[in-house]
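Participant: My questions will all concern the structure given below.
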Amino acid sequence: MIGKLDDYLRFHETSLSLRSTRQELLASNIANADTPNYKARDIDFASALKGALAKAEGAPAALMATANKHLPGKGVGPDSKTAGPGRPETLPDGTPLLYRAPAQGAVDANTVDMDLERNAFADNSIRYEVGITLLNSQIKGMLNAIQGGQ
């Protein structure tokens with residue numbers, strides 16, 4: 001019974017957890033907008049959610065190479081850079097941290113674009129609130145079913 005309940009709520013739980021992590025990263029980018037050599041970080045939400053849900057279901061995450069010479073390993077978004085010559089940094093849950101490629105170079109080598117960061121922060125905030133609203137309505141629906149529609 002508890003397993004089915006977990007399965008029923010897993011999508012929203014995972015989604016909200018990733019949104020929270022992304023919000024922290026975006027806030028860190030905004031806070032470090034004037035820090036020399038700071039590299040703006042983000043996650044690819046769609047692939048992170050897909051990977052987290054696949055991992056939760058026990059299915060292996062599919063990896064896709066875009067060229068014949070690519071080595072097998074963790075994937076990153078096509079418009080982002082990895083954390084260095086080796087593997088990308090990862091969050092504690094295994095989500096790869098991506099570094100934003102700057103649209104325009106800065107003298108201090110900072111890659112934070114405040115307009116982009118503010119837009120991403122506001123968008124992520126709204127989507128987080130929508131996730132909470134959907135989860136709340138899902139729980140209310142379950143309570144209504146348990147109580148017999150009173």
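The values are calculated or read from the model by the stated rules, or taken from the named source; none is laboratory data. Quantities reported herein were computed from a predicted structural model and do not represent experimental measurements. Every residue, glycine as well, gets a Cβ built from its backbone with ideal geometry; the counts of neighbours run over all protein chains shown.
Participant: Check Asp44, Asp115 and return the single one that is at pLDDT 90 or above, in contact with a Gly (Cβ under 8 Å, 6 or more places away or on another chain) and within 20 Å of Arg22 (Cβ to Cβ).
Facilitator: The unique qualifying residue is Asp44.
Participant: Filter the stretch 101-122 down to residues that are surrounded by 12 or more Cβ atoms within 10 Å (Cβ to Cβ) and charged (D, E, K, R) and give me whichever is farthest from Pro36 (Cα to Cα).
Facilitator: Per the criteria, the residue is Arg118.
Participant: Something else about it: Would you confirm whether or not the stretch 86-102 contains a residue that is more than 29 Å from Lys55 (Cα to Cα) and at pLDDT 95 or above? Write out each step before concluding.
Facilitator: Of the residues in the stretch 86-102, the ones more than 29 Å from Lys55 (Cα to Cα) are 102.
From what's left, at pLDDT 95 or above: none.
The answer is no, given that none of the residues of the stretch 86-102 is more than 29 Å from Lys55 (Cα to Cα) and at pLDDT 95 or above.
Participant: Residue by residue through the stretch 20-48, note down the ones that are touching a residue at least 24 places away in the same chain (Cβ under 8 Å), of a type outside the set (Gly, Ala, Ser), assigned to a helix (DSSP H, G or I) and over 12 Å from Val112 (Cβ atoms). Show your work before the answer.
Facilitator: Applying the first criterion (touching a residue at least 24 places away in the same chain (Cβ under 8 Å)) to the stretch 20-48 yields 20-23, 25-27, 29-30, 32-45, 47-48.
Those left that are additionally of a type outside the set (Gly, Ala, Ser): 21-23, 25-26, 29-30, 32, 34-39, 41-45.
Next, from what is left, pick out any that are assigned to a helix (DSSP H, G or I): 21-23, 25-26, 29-30, 45.
Once the filter is applied, which keeps residues that are touching a residue at least 24 places away in the same chain (Cβ under 8 Å), of a type outside the set (Gly, Ala, Ser), assigned to a helix (DSSP H, G or I) and over 12 Å from Val112 (Cβ atoms), the stretch 20-48 yields Thr21, Arg22, Gln23, Phe45.
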